[in-house]
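Data first, discussion second: the structure below is written as structure tokens.
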Amino acid sequence: MDLEVGAIVAGKITGITKFGAFVTIAPGKSGLIHISEIASTYVSDVRDHLTEGQEVTVKITGIDQSGRMNLSIKAAKAAPVDEVRTRPQPKPQAEVTEPTFEDKLKRFMQDSDSKISSIKQYSDKKGARRRGR
């Protein structure tokens, strides 16, 4: 088995931690799938996506000097570059018009007035405490 960076291999999940999962690829050879490399979406808990004993296909993304391997499920599932180019483009939605200068100015003035009002309320309360009320 050729275990080098870029190789896509099959493995078995042997352990799950809060930061990722350990995978045995060959006897005596194992690596870590970091939580960020499990899925293309946000992963809050590794156990929601993987279970111990599960067979997975992983890509070797790195091997450090001590022989530890970094693995990725999402890189193994990534589409080849040619496929990405030939995908049909989504139909454009109804045109979203850019807000005009007047709309932007109106929004700015509303936000500004709101902030000034809250600052005045805070300073009035603060001044009342100092005057002994």
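Only residues that are touching a helix residue (DSSP H, G or I) at 6+ places or on another chain (Cβ under 7 Å) and either free of Cβ contacts under 8 Å to residues at least 40 places away in the same chain or basic (Lys, Arg) (or both) were counted in region 1-16, giving 1. Taken over region 72-111, the criterion of being among the basic types (Lys, Arg), under 26 Å from the mean Cα position of the chain (by Cα) and modelled with pLDDT of 75 or more is satisfied by LYS74, LYS77.
Just a yes or no: is a residue in region 40-53 touching a residue at least 60 places away in the same chain (Cβ under 8 Å), surrounded by 14 or more Cβ atoms within 10 Å (Cβ to Cβ) and in contact with a strand residue (DSSP E or B) (Cβ under 6 Å, 6 or more places away or on another chain)? The answer is no; no qualifying residue exists.
The values are calculated or read from the model by the stated rules, or taken from the named source; none is laboratory data. Note that the coordinates shown come from a computational prediction; the quantities given were computed from them, not determined experimentally. Note that each Cβ is placed from the backbone with ideal geometry, even for glycine, and that neighbours are counted across all protein chains shown.
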